[in-house]
Amino acid sequence: MQQEDRIGGDETDLDSLTNAHKFRAQFSGMVRQRAYIFDGDGKYYNKEWDLAEGTGKEFCWYHIELPKGNQKLSQSAQHLIDALCPPLKLQDILSLVSNGPFCGHVDGALVFRVNSPGPASSSFTFKVAARITENSVITVSLGRVPRLGFSPMGQSLLSEVPSVDSPSYYRGEQKERSGIVIEEHVLEFLLTMNHSEEADNPVPSSVSNLVVHIIDTHVDQLQDVVTKLEIELDAVELEMDRGGFAMKKQMLDDRRFPKLHLNLQRLLQVIAHGEQVFPRVKEKCSTKSWFLAEDINSLEELIGRLRRLKENVGFIANRVTAIQAGLDSWQAEQINRKLYYLSFLSIIFLPLSIITGVFGMNVGGVPWTGQDKPELRDGFRNVMYICLIMLVLVLSCFGFPALYSRIASWWRMRAMNRSWSLNRRSFQKRSNIVQERRGYLRL
């Protein structure tokens, strides 16, 4: 019996290991991995994923793209463990995958990361981390980073002669343009890009060139997001100028601008992380003998670009705040208009409520009710006197400030007119004296 239980337990363990292996295979298939080797003379080759370092002038680059989806941070760490262990240790994995800014040496290698803590599925969540040694670089990014990789020359769309789909007319003759036809949606996409394609990337000749290239692509990615936000805001402002009640109501119901403001705050957080990390990267790389001086200057220029980008994002946040304030004022105006209609209806029904209130009093002397007893005859009149006195008091309380302001303004105008008439009389008198003496009027 115990042997059967042991066999059943072994089968259960085998099934769990098989399921775990299948899950890990599916889990690792979601990650994209790229490996390059550079010869140091401007050429590169694709290589297998062995995490080996280069020798001599050669250096290797291993890049991992984590999937953008609703996944936990522990799942991202599992991705890196499957791809990088061994030879990397757990402390190396944690330094690459953790959230927040970091720059320091881990197990003899320079590690920096700019990982925002937002949801991985958001377009405003960025994760870029790198582990740098003298002959190898390992990078991790969340999703695809434009222009980060390399592709063979001659495949770039930007180096081709463009053409439109419709033929051109010249001197009444129809001529076909030679070149690649560019569709409209492709042009719209290219206009939002602030960089070239992967085929136009210069091949790095050293590890320092590669580090500058990685940081440069990260800044370009942030710039692309800012450019798209500016184009989106321009379109929204145009729609608000042309649109009517339904469109503005839809924007308020969708909470479009509060969500956009929250995304801008996430973007500012990523830029702030870069402002903290990249100066420290430049400081630590300046002490390395294999890091070129010209690349130090390039890092300084990228830090300046990041600061200017932060100012631009601040301007966009102010535009979003102004648009939201305009929508709020429009909504308040709509509410005030509805309240005006409601008050107008209350004015219409106010006489009816007064009449019903008067004839519903439990006092004597109410007309047309048959209450003709002598001791109750003056009750209705006394109540009317009390109501009239209260009405006079209320009207005086509300009307006295307005009456006082009118009297005060009238008194000031009278004083000003009196002073002006006196000055005018004195001026005429002096001018008459000057004319009699045939002299000049002294000003």
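The values are calculated or read from the model by the stated rules, or taken from the named source; none is laboratory data. Being a predicted model, the structure only gives us computed values, none of them experimental. We place every Cβ from the backbone using ideal geometry, glycine too, and count neighbours over all the protein chains shown. Quick note on the areas: whole protein, heavy atoms, side chains included, nothing else; ligands and nucleic acids left out. Shrake-Rupley method; radii C 1.70, N 1.55, O 1.52, S 1.80 Å.
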Would you confirm whether any residue within segment 11-31 is out of contact with any Cys (no Cβ under 8 Å at 6 or more places or on another chain) and modelled with pLDDT of 50 or more?
yes
Taking segment 253-283 as the search range and keeping residues that are of a type in the set (K, R) and open to solvent by 60 Å² or more (accessible area, probe 1.4 Å), which one is farthest from I215 (Cα to Cα)?
R255
Does segment 233-245 include one or more residues that are open to solvent by less than 30 Å² (accessible area, probe 1.4 Å), in contact with a helix residue (DSSP H, G or I) (Cβ under 9 Å, 6 or more places away or on another chain), at pLDDT 85 or above and among the β-branched types (V, I, T)?
no
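Listed here are the residues, each with its yes/no results for (1) open to solvent by less than 10 Å² (accessible area, probe 1.4 Å); (2) assigned to a loop (DSSP other than H, G, I, E, B); (3) at pLDDT 60 or above.
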position: S159; (1), (2), (3): no, yes, no
position: M193; (1), (2), (3): no, yes, no
position: A199; (1), (2), (3): yes, no, no
position: S205; (1), (2), (3): no, yes, yes
position: I215; (1), (2), (3): yes, no, yes
position: L222; (1), (2), (3): yes, no, yes
Just one of L302, L264, L260 is closer than 20 Å to C103 by Cα and aliphatic (A, V, I, L, M); which is it?
L302
Answer yes or no: is there a residue in segment 107-127 that is at pLDDT below 90, open to solvent by less than 20 Å² (accessible area, probe 1.4 Å) and aliphatic (A, V, I, L, M).
yes
I'd like to check something: does segment 68-75 contain any residue that is buried (at least 19 other Cβ atoms within 10 Å of the Cβ) and of a type outside the set (S, T, Y)?
no
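Which of the following residues is open to solvent by 20 Å² or more (accessible area, probe 1.4 Å) and not in a helix (DSSP H, G or I): T287, T321?
T287
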